[in-house]
Amino acid sequence: MKNTIPLVEPLDRIVSKRSSLLEYVSTMDPARLAASPGPGKWSVLEIVEHLVLAERDVFGDLSDPAALVPQRPRLRDRALFLLVMLLLR
């Protein structure tokens, strides 16, 4: 079993992409940020707000990945995973 947590690297990439997005958006003209491109379409601010809320809902209660201890999946976990994958197909 590896000593590294498989989530650390992907979460670091998410943090890096979030920082890049926020840095880019911070350079945009405020009027352009709030402008709606048309009926039923979202402004840049609405898109960023949606991303922030989704990230908060998904990652809000996630422990610090560096503090997690790797564990082998139990038979029950594997069976549930297969069941979910079957249902999704």
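None of the figures in this text is laboratory data; all of them are computed from the coordinates on show. As the structure is a prediction and not an experimental result, all values here were calculated from the model. With ideal geometry, Cβ positions are generated from the backbone for all residues, glycine too; neighbour counts draw on all protein chains shown.
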Q: Calculate I(q)/I(0) for the chain by the Debye formula, one identical point scatterer on each C-alpha and no solvent, and give its log10 at q = 0.11, 0.17, 0.22, 0.25 Å⁻¹ to two decimals.
A: -0.55, -0.93, -1.15, -1.25
Q.
List the chymotrypsin sites (Phe, Trp or Tyr not before Pro) within the chain that DSSP assigns to loop and that have no more than 14 neighbouring Cβ atoms inside 10 Å.
A. Trp42
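Do any trypsin sites (Lys or Arg not before Pro) in the range 20-67 lie in a DSSP loop with no more than 12 other beta carbon atoms within 10 Å, and if so, which? Let's see the in-between values first.
Working: sites: Arg32, Lys41, Arg56; in loops: Lys41.
Sites meeting the loop and neighbour criteria: Lys41.
Taking Cα pairs under 8 Å and at least six residues apart, what relative contact order does the chain come out at, in percent?
Values: 28 pairs, mean separation 34.5, N = 89.
Answer for the chain is 39 percent.
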(Q) Between Leu45, Leu21, Leu75, where does the largest GNM mean-square fluctuation fall for the chain, given springs only between Cα atoms within less than 10 Å? (A) Leu75
Q) Relative to the first principal axis of the alpha-carbon coordinates of the chain, what is the inclination of helix 44-59, with its axis defined by its Cα atoms, in degrees from 0 to 90 and to the nearest 10? A) 20 degrees
